[in-house]
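Colleague: Here it is: the structure, laid out below.
The values are calculated or read from the model by the stated rules, or taken from the named source; none is laboratory data. If you're wondering where the values come from, they're calculated on a predicted model, not measured in any experiment. Every residue, glycine among them, receives a Cβ derived from its backbone with ideal geometry; neighbour counts consider all protein chains shown. Accessible surface areas use protein heavy atoms only, side chains included; no ligands, DNA or RNA. Shrake-Rupley method; radii C 1.70, N 1.55, O 1.52, S 1.80 Å.
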Amino acid sequence: AFGEAVDWLEAQEVHIISHSANGYAGPFDGSRFDSQRVDSASARGILWVNSAGNEALSHYRGTFTDEDGDGLHEFAPGEESLALYNNEYVQVILNWDDDWDQATQDYELFLYDAAGNELASSQDTQAGEAGQEPVEGLWYETGGETVYAVVKAYEVDRAVTLDLFLGGAEVAYPSPDHSVCSPADAVSSLTVGAVNWWDDSLASYSSQGPTADGRLKPEISAPTSVSGASYGNAAANDEYAGFNGTSAACPHIAGAAALVWQAHPEFSRQEVVDSLLADVVDLGASG
């Protein structure tokens, strides 16, 4: 459906695509199918603007560690479970660095309650066969109770880097870095982070790079928690009010790009990007 939507947009000869969505499973190096589709659209002269994602506080990253030899990952010294703070449900996606089409390292994902009762698990096989991906995932209704993720090494011969993403929850030990997903990781995507409109501070949830292959993402940020024609009721100094998230920041940049292109119809896609990046304000260290 994603590819068909892009095909249709290309057929309409659009200049800009604004896309406020990402997926939690993938290598996050720009090689997933949707990221490649972004690059092919860009090669046709389309400017693709993508939200960076809202996973800064709902992403955990770490190297598999098992000091006591029981096969369970230690998220912190002596802690083999990761608290997932949520409202009503959790979506848990575990990825690790392996061959994305033929994974050989077999890790399993479990979900427990506070009393140690197993609630759910994802135990797909990764044995080096074609089509086996280095990912486990589950969805569970919690009723708002804190639940706990556990990662187990089943058949492995090396320690991997784990990337665990949460939908509908925040993790006990968040890793804002490497929290940009696909297709925001596409090489040619102009990827947009979120800043609070009242002081231009980085929104706490705004996903950060780099990508798995070390590229800078996002390249630019724009306002969030705004009132507009589509969404309203933004409250002062509340990053979760009004139209919030990098989904709100992304169309700001798409709109700015449209104005630049209207003023300079002779510009190429890259010249529009260069114009936007030349006019941004550094809020941290230069660059």
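Colleague: Can you tell me which of D279, D274, D200 is open to solvent by 30 Å² or more (accessible area, probe 1.4 Å), acidic (D, E), out of contact with any Lys or Arg (no Cβ under 6 Å at 6 or more places or on another chain) and under 30 Å from D163 (Cα atoms)?
Modeller: Unique residue meeting the criteria: D200.
Colleague: Yes or no: region 137-144 includes at least one residue that is closer than 21 Å to F33 by Cα and at pLDDT 95 or above.
Modeller: Taking every residue of region 137-144 in turn, at least one turns out to be closer than 21 Å to F33 by Cα and at pLDDT 95 or above.
Colleague: Mind checking which residues of region 71-126 are among the polar types (S, T, N, Q) and free of Cβ contacts under 8 Å to residues at least 12 places away in the same chain?
Modeller: N117
Colleague: Can you report the number of residues in region 87-133 which are out of contact with any Gly (no Cβ under 9 Å at 6 or more places or on another chain) and aliphatic (A, V, I, L, M)?
Modeller: Adding up the residues that qualify gives 7.
Colleague: Looking only at region 222-242, how many residues end up being within 20 Å of S204 (Cβ to Cβ), open to solvent by less than 50 Å² (accessible area, probe 1.4 Å) and without any contact (Cβ under 8 Å) to a residue 40 or more places away in the chain?
Modeller: 9
Colleague: Moving to a separate point now. Which of the residues spanning region 40-49 are of a type outside the set (S, T, Y) and either open to solvent by less than 40 Å² (accessible area, probe 1.4 Å) or assigned to a strand (DSSP E or B) (or both)?
Modeller: The answer is A41, G45, I46, L47, W48, V49.
Colleague: Another question about this same structure. List the number of the failed condition for A159; all other conditions in (1) of a type in the set (A, V, I, L, M); (2) open to solvent by 10 Å² or more (accessible area, probe 1.4 Å); (3) assigned to a loop (DSSP other than H, G, I, E, B); (4) over 18 Å from E136 (Cβ atoms) hold.
Modeller: (4)
Colleague: Select, from V180, V187, the only residue that is open to solvent by 60 Å² or more (accessible area, probe 1.4 Å), at pLDDT 95 or above, part of a loop (DSSP other than H, G, I, E, B) and β-branched (V, I, T).
Modeller: Result: V187 is the single residue among V180, V187 that is open to solvent by 60 Å² or more (accessible area, probe 1.4 Å), at pLDDT 95 or above, part of a loop (DSSP other than H, G, I, E, B) and β-branched (V, I, T).
Colleague: Can you work out which of the residues in region 1-32 that are in a loop (DSSP other than H, G, I, E, B) and more than 20 Å from A52 (Cα to Cα) is least open to solvent (accessible area, probe 1.4 Å)?
Modeller: Out of the qualifying residues, it is V14.
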